[in-house]
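Student: A single structure is presented below for examination.
The values are calculated or read from the model by the stated rules, or taken from the named source; none is laboratory data. Just so it is clear, the structure is predicted and the values come from calculations on it, not from any experiment. Heads up, the Cβs are rebuilt from the backbone with ideal geometry, glycines too, and the neighbour counts pull from every protein chain shown.
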Amino acid sequence: MGVLAAERIKLTSTRSPWWCSAIVVVLALGMAALLAWVARASYGKEGSINLTVSTAVAGISGFGVMVLMIMATLTVTSEYRFGIIRTTFQATPHRAKVILTKAGLVGVYGALLTIVLVFLSYLVAKALGGADAGATLTLSTGDDWREVYGIPIYTFLCVVLAVGIGVLVRQSAAAISLIVLWPLLIEGLLGAFGNFGRNVTPFLPFANASHFYSASPTTANWHWGPGGSLLYFTAFVAIVFGAALVMVNQRDA
């Protein structure tokens, strides 16, 4: 409980978590409002947007979770940068307990924030989409509800992964670059090469995460369903985070 209290104080007494949280809220609600307005304005025209749950929460799944990952990795790399981690490990010699508590606390916070924003984004998009464009925005199927509960699960796992990367890399710039470039550039490029991309995509971690929480159709040659993709991504996160727990005890603070 002492470790949990210490990590809570660190999280709430620094500026970056508040700024990151504010950015996530703006991205979530702003994207929902913008896409709903575009869907309403283009309704019945060629190239109109189909307003669905995936569209309404695009600001969260596309950018919000990434901001939370950056926030999570900064909770580690900032301590290494300013030497605070030495004091933390002196107070709590069980280093793995510190990292586990940090990842659990930030992960639960991220999951709670995103589940609230999912419902708020849905309501905003439903209200601004109008009766016509908003008619397709419903929570009537299992896939729709998988978007609702899938994004908080995805957020929690991403935050744990980000903390693990922060422990392994230790430098903020390198860790943030890896977090941003990996899902946006590396996996995007690998999946863009025609038949090769369709075959390799099912083995990419973030592609599996998207396959789990998103109901949008995909052209990849999947060998398992959304549940299998969740297990795949969870196993990947566990490997990276497990490596971080091993390395934190083997390297000097």
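Student: Does Thr75 meet the test of being within 20 Å of Ser172 (Cα to Cα), among the hydroxyl-bearing types (Ser, Thr, Tyr) and either over 25 Å from the mean Cα position of the chain (by Cα) or crowded, with 22+ Cβ neighbours inside 10 Å (or both)?
Tutor: When the stated conditions are applied, Thr75 passes them.
Student: Here are the criteria: (1) within 27 Å of Glu147 (Cβ to Cβ); (2) in contact (Cβ under 8 Å) with a residue 24 or more places away in the chain; (3) among the aliphatic types (A, V, I, L, M). Tell me which single one Leu34 does not satisfy.
Tutor: Leu34 satisfies all of (1) within 27 Å of Glu147 (Cβ to Cβ); (2) in contact (Cβ under 8 Å) with a residue 24 or more places away in the chain; (3) among the aliphatic types (A, V, I, L, M) except (2).
Student: What about Ile179, is it touching a residue at least 12 places away in the same chain (Cβ under 8 Å), out of contact with any strand residue (DSSP E or B) (no Cβ under 7 Å at 6 or more places or on another chain) and either within 23 Å of Ile49 (Cβ to Cβ) or surrounded by fewer than 20 Cβ atoms within 10 Å (Cβ to Cβ) (or both)?
Tutor: no
Student: Considering only residues that are out of contact with any Gly (no Cβ under 9 Å at 6 or more places or on another chain), more than 22 Å from Val167 (Cβ to Cβ) and assigned to a helix (DSSP H, G or I), which ones fall in segment 205-231?
Tutor: Ser210, Gly227, Gly228, Ser229, Leu231 - these are the residues of segment 205-231 that are out of contact with any Gly (no Cβ under 9 Å at 6 or more places or on another chain), more than 22 Å from Val167 (Cβ to Cβ) and assigned to a helix (DSSP H, G or I).
Student: Using the structure shown, decide if Leu185 is closer than 17 Å to Ser214 by Cα and either in a helix (DSSP H, G or I) or at pLDDT below 95 (or both).
Tutor: For Leu185, the condition - closer than 17 Å to Ser214 by Cα and either in a helix (DSSP H, G or I) or at pLDDT below 95 (or both) - is not met.
This table checks each residue for (1) surrounded by fewer than 20 Cβ atoms within 10 Å (Cβ to Cβ); (2) in contact with a Ser or Thr (Cβ under 8 Å, 6 or more places away or on another chain); (3) within 24 Å of Ser21 (Cα to Cα); (4) at pLDDT 85 or above.
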position: His94; (1), (2), (3), (4): yes, no, no, no
position: Val116; (1), (2), (3), (4): yes, no, yes, yes
position: Ser121; (1), (2), (3), (4): no, no, yes, yes
position: Thr138; (1), (2), (3), (4): yes, no, no, yes
position: Pro152; (1), (2), (3), (4): no, yes, yes, yes
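Student: All but one of (1) assigned to a helix (DSSP H, G or I); (2) modelled with pLDDT under 90 hold for Ala174, so report the exception by its number.
Tutor: The failed condition is (2).
Student: Just need a number here: residues in segment 188-204 that are of a type in the set (Phe, Trp, Tyr) and either in a helix (DSSP H, G or I) or within 25 Å of Ala238 (Cα to Cα) (or both).
Tutor: Total satisfying the criteria: 2.
Student: Scan segment 208-221 for residues that are within 17 Å of Asp143 (Cα to Cα) and touching a helix residue (DSSP H, G or I) at 6+ places or on another chain (Cβ under 9 Å) and jot them down.
Tutor: Asn208, Ala209, Ser210, His211, Phe212, Tyr213, Ser214, Ala215, Ser216, Thr218
Student: Report whether or not Ala131 is more than 18 Å from the chain's Cα centre (by Cα), surrounded by fewer than 20 Cβ atoms within 10 Å (Cβ to Cβ) and more than 28 Å from Ser48 (Cα to Cα).
Tutor: Against the criterion (more than 18 Å from the chain's Cα centre (by Cα), surrounded by fewer than 20 Cβ atoms within 10 Å (Cβ to Cβ) and more than 28 Å from Ser48 (Cα to Cα)), Ala131 does not qualify.
Student: Residues Ala41, Ala56: which one is of a type in the set (A, V, I, L, M), over 20 Å from Tyr154 (Cβ atoms), at pLDDT below 95 and more than 14 Å from the chain's Cα centre (by Cα)?
Tutor: Ala41
Student: Go through Thr234, Thr136 for me and flag whichever is of a type outside the set (Lys, Arg), touching a residue at least 60 places away in the same chain (Cβ under 8 Å) and touching a Gly at 6+ places or on another chain (Cβ under 9 Å).
Tutor: Just a single option satisfies the conditions, and that option is Thr136.
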